[in-house]
Amino acid sequence: MNHYASSSTQPYGAGAGGMNGINGGGGSGGAQRPRVTLRSINHEEADVVLEGVDLSFANALRRVIIADIPTLAIDMVEIQSNTTALPDEMLSHRLGLVPLISTNCDAVLVDHRDCACEDGCDRCSVELTLHARCTTGGTMEVTSKSLVRSAGLGEPWGGDPEMAEMGPRPREARREEFGRVVGADQEGRDGIMLVKMKRGQELKVRCIARKGFAKEHAKWSPVSTIGFEYDPHNRLRHTALWHEGDPKREWPLSHNANEEPEVRAGEEDEVFDFNAKPGRFYVHVEGTGVMSAHEVVMSGLRILETRTAQIIQELGYYGGGGANGVNGGGSAW
């Protein structure tokens, strides 16, 4: 397992009298920096453990990863010919959900609403085309692998040197695979089904993909889902387990319970600490393939760090006189 931003080997909560990943309410203890433990990772999934943060911060990271990381997705579809059984609106919706490789999307594309162009250019958009015609008997399947990324849209205003200086520019150059359909070059991997055609039917479309955020539409989300869990033994009693018989049988523990000690005999009858707080959070990221799981997690942490710094700066500006730029003092977190 890999560890990041670790400032101490002492488990979180130990300085405050906490144990088992739960921060007790008996004292403040020594402030510790956030700790990220990477249990496993591949291109599309990452299993992460967060420590040294509170519940609101951990949940904020989950929400940022889902909705605030910019990616690339088809945003405009021009139907040039469609004689299939699927209506234009349904076809456009399906095309919009096709995942496109979006590595470093925030730096290689500008927002099309801020761009100087009118209908799309290389600064803000990627063009893809699809042309399929069924000329044989039987059924022809058209998948996402039929989408072809074009060479480019050119500079805004036809490359006019005076007009080209207007508007923002990308901070970095695109990679070769940027904008292609996820899995299009992988042999043996099926594409996403778009439509089925019979003899004589034709489909010809032109698509414009743009940068966006999942808080505008789910098609821009870099993840399919995020598993989020804390206190797997329910020591904090934040979850009311509805059951008909034995709750342990009807609500089996997840594998995250192996990270924490089992419930002792008689522990449930002890005096409950209403001030106890969770101190360890288990986050499982499942990506869509538009970017690596490593980039998803690091982008989420970077965005959350930037927003937290902006809040601290604003509080220091309006409050004044506080330690660490925050009125009233306290730690940086």
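In what sequence, highest mean first, do 293-305, 134-146 appear when ranked by Cβ atoms within 10 angstrom?
With the highest mean Cβ count within 10 Å placed first, the list reads 293-305, 134-146.
Mind checking which of Gly152, Val181, Pro170 is farthest towards the positive end of the range 72-214's charge dipole, using Cβ charges of +1 (Lys, Arg) and -1 (Asp, Glu) about the Cα centre?
Val181
In debye to the nearest 20, how big a dipole does the range 72-214 give about its Cα centre with +1 on each Lys and Arg Cβ and -1 on each Asp and Glu Cβ?
700
For the pair Ala67/Asn258, report the inter-label distance in nm, with labels modelled 7 Å from Cα in the Cβ direction.
In this crude spin-label approximation the distance works out to 3.4 nm.
Obtain the nm distance between the two label points defined at Glu165 and Glu177 by a simple spin-label model: each point lies 7 Å from its Cα along the Cα-to-C-beta direction.
With each label point 7 Å from Cα toward Cβ, the separation is 3.9 nm.
Between Lys204 and Arg39, how many nm apart are label points set 7 Å from Cα along the C-beta direction?
5.3
Around Ala218, with a cut-off of 14 angstrom between Cβ atoms, what is the net charge of the other residues, counting Lys and Arg +1 and Asp and Glu -1?
+1
How about Lys196: which aspartates and glutamates have a C-alpha closer than 18 Å to its C-alpha, ignoring those fewer than 8 places off in the same chain?
The reachable aspartates and glutamates, counting only those whose Cα sits under 18 Å from Lys196, are Asp88, Glu89, Glu141.
Rounded to the nearest 0.05, what FRET efficiency do Leu236 and Tyr318 give with R0 = 35 Å and r taken as the Cβ-Cβ distance? Could you check?
Efficiency, rounded to the nearest 0.05: 0.50.
Could you give the accessible area per residue of the range 186-321, probe 1.4 Å, as a whole number in Å²?
63
Taking the highest mean first, how do the peptides 112-119, 228-235, 308-315, 184-191 order by number of other beta carbon atoms within 10 angstrom per residue?
Going from most to least packed, we get 228-235, 112-119, 308-315, 184-191.
The values are calculated or read from the model by the stated rules, or taken from the named source; none is laboratory data. Values in this document were obtained by computation on a predicted structure and should not be read as measured data. Virtual Cβ from ideal backbone geometry, glycine too; neighbours counted across all protein chains shown. To get the accessible areas, we keep the full protein, side chains included, count just its heavy atoms, and leave off ligands, DNA and RNA. Shrake-Rupley method; radii C 1.70, N 1.55, O 1.52, S 1.80 Å.
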